[in-house]
Amino acid sequence: MSTDENGRIRSWTLTPSTPRYSPPAGAVDAHCHVFGPMARFPFSPKAKYLPQDAGPDALFALREKLGFARSVIVQASCHGTDNAATLNGIAVSGGTCRGVAVVDPAISDADLDMLHAGGIRGVRFNFLKRLVDDAPMDKFLDIAKRIERLGWHVVVYFEADSLDEMRPFLAAIPVPIVIDHMGRPDVTQGREGADMSAFRTLLDGRTDIWTKVTCPDRLDPAGAPYADFVKAVRPLVADYQDRVLWGTDWPHPNMETRIPDDGGLVEVIPQIAPTAALQHKLLVANPMRLYWPEED
Ligand SMILES: O=C(O)/C=C(\CC(=O)C(=O)O)C(=O)O
């Protein structure tokens with residue numbers, strides 16, 4: 001763990017390995033964040049963690065090293081509902097980033113339009129109590145209805161033990177849904193364990209629910225090379241191949257005691273998506289359809 005003299009935490013490695021696996025041309029990292037830089041983009045007073053700066057330059061350097069061409073910057077809870085840092089990351093990317101915002105339920109239509117012009121293509125609803133103080137389903141549903149005209153989707157972050165209470169809420173959302181990190185299943189239960197089975201039932205209920213097959217570092221307690229994650233997730237990628245996304249999750253918020261090697265995370269890709277066709281869907285075709293539909 002690295003904490004600086006101001007108590008700001010670094011949850012990412014400064015020396016990632018170069019992966020042996022090379023992603024296909026045009027690969028998209030569909031889940032990453034930027035933190036600050038704080039001097040320009042202060043953190044929210046409600047932030048549950050205070051990270052060191054992890055701005056667009058560091059994101060782009062890592063992306064280059066890992067062999068990715070584009071990124072989807074997901075607004076992290078430490079920036080609250082002020083999306084300025086995310087918009088800045090998109091603005092300086094020369095068209096190679098799009099984003100997912102977190103918005104105040106009272107946001108105006110004009111401000112939603114501004115977010116769209118800035119490259120935002122979805123809104124994130126975070127239900128993790130350790131990250132946010134409240135998650136009002138009725139207000140989230142209202143936002144989900146209001147973003148339909150923009151062609152956006154929602155990204156929902158919850159943990160496996162709350163899946164049942166999420167079902168009616170998810171069923172009422174009128175736009176495509178992307179579930180972060182498969183709703184955080186216990187991957188040690190295996191491919192047919194209770195968590196994975198419940199999650200598959202959710203995916204089977206609607207063809208426009210997508211998921212990010214991300215975060216072996218968060219989900220597999222044994223750590224690299226993440227054997228349980230691979231065993232549980234590979235069948236999911238095969239069975240739902242047109243609605244899976246992959247991302248680094250850099251700079252790995254709250255992972256300061258178990259900082260992953262980003263190169264090692266990339267090595268997991270060919271294990272969960274073992275053919276070139278699956279890799280192309282996971283890393284190029286699927287994220288392009290969702291985030292750059294005009295190029296599809
Ligand atoms: O980045 C992630 O995917 C996961 C996070 C952080 C997060 O979501 C946030 O700060 O908004 C987590 O589990 O702590």
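Quick rundown of the values:
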read-out: Subset of region 165-203 [in a helix (DSSP H, G or I) and not hydrophobic (A, V, I, L, M, F, W, C)]; value: GLU165, ARG167, PRO168, ASP180, HIS181, GLY183, THR188, GLN189, ASP195, SER197, ARG200, THR201
read-out: Pair list, Cβ under 7 Å, 6 or more apart: region 218-231 residue over 15 Å from PRO270 (Cα atoms) and modelled with pLDDT under 95, other residue acidic (Asp, Glu) and away from the ligand (no atom under 16 Å from the Cβ); value: none
read-out: Some residue of region 96-119 being within 16 Å of the ligand (Cβ to nearest atom), of a type in the set (D, E, K, R) and under 30 Å from GLY264 (Cβ atoms); value: no
read-out: Output for region 114-136, where each listed residue is of a type outside the set (Gly, Ala, Ser), surrounded by fewer than 17 Cβ atoms within 10 Å (Cβ to Cβ) and over 21 Å from ARG218 (Cβ atoms); value: MET114, HIS116, ASP133, ASP134, PRO136
read-out: Failed criterion for ILE269 (all others in (1) crowded, with 18+ Cβ neighbours inside 10 Å; (2) over 24 Å from LEU14 (Cα atoms) hold); value: (2)
read-out: Count - residues of region 186-203 that are closer than 22 Å to LEU290 by Cβ and either among the small types (Gly, Ala, Ser) or within 16 Å of the ligand (Cβ to nearest atom) (or both); value: 0
read-out: Tally, over region 57-79, of residues that are in contact with a Gly (Cβ under 6 Å, 6 or more places away or on another chain) and in contact (Cβ under 8 Å) with a residue 60 or more places away in the chain; value: 0
read-out: Residue ranges of helices (runs of 4 or more DSSP H) in region 204-296 with at least 3 members more than 16 Å from the ligand (Cβ to nearest atom); value: 227-239, 262-267, 269-272, 276-280, 286-291
read-out: Residues within region 47-69 that are over 14 Å from HIS79 (Cβ atoms) and not in a loop (DSSP other than H, G, I, E, B), tallied; value: 10
read-out: Residue check for ILE143: assigned to a helix (DSSP H, G or I) and modelled with pLDDT of 95 or more; value: yes
read-out: Subset of region 220-261 that is under 14 Å from the mean Cα position of the chain (by Cα) and aliphatic (A, V, I, L, M) - its residue that is surrounded by the most Cβ atoms within 10 Å (Cβ to Cβ); value: VAL244
read-out: Among (1) in a loop (DSSP other than H, G, I, E, B); (2) under 30 Å from PRO225 (Cβ atoms); (3) small (Gly, Ala, Ser) - the single one SER44 does not satisfy; value: (2)
read-out: Residues of region 151-164 satisfying the condition of being crowded, with 17+ Cβ neighbours inside 10 Å and in a helix (DSSP H, G or I); value: ALA160, LEU163
read-out: Some residue of region 74-82 being within 16 Å of the ligand (Cβ to nearest atom), among the acidic types (Asp, Glu) and either within 21 Å of GLY151 (Cβ to Cβ) or modelled with pLDDT of 95 or more (or both); value: yes
read-out: So ASP82, is it among the acidic types (Asp, Glu), free of Cβ contacts under 8 Å to residues at least 40 places away in the same chain and outside any helix (DSSP H, G or I); value: no
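Listed here are the residues, each with its yes/no results for (1) acidic (Asp, Glu); (2) closer than 22 Å to LEU290 by Cα; (3) in contact (Cβ under 8 Å) with a residue 40 or more places away in the chain.
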{"residue": "ILE107", "(1), (2), (3)": "no, no, no"}
{"residue": "GLY122", "(1), (2), (3)": "no, yes, yes"}
{"residue": "ASN126", "(1), (2), (3)": "no, yes, yes"}
{"residue": "ARG146", "(1), (2), (3)": "no, yes, no"}
{"residue": "LEU150", "(1), (2), (3)": "no, yes, no"}
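The values are calculated or read from the model by the stated rules, or taken from the named source; none is laboratory data. No experiment lies behind these values; they were computed from the predicted model shown. All Cβ positions, glycine included, derive from the backbone under ideal geometry; neighbour counts span all protein chains shown.
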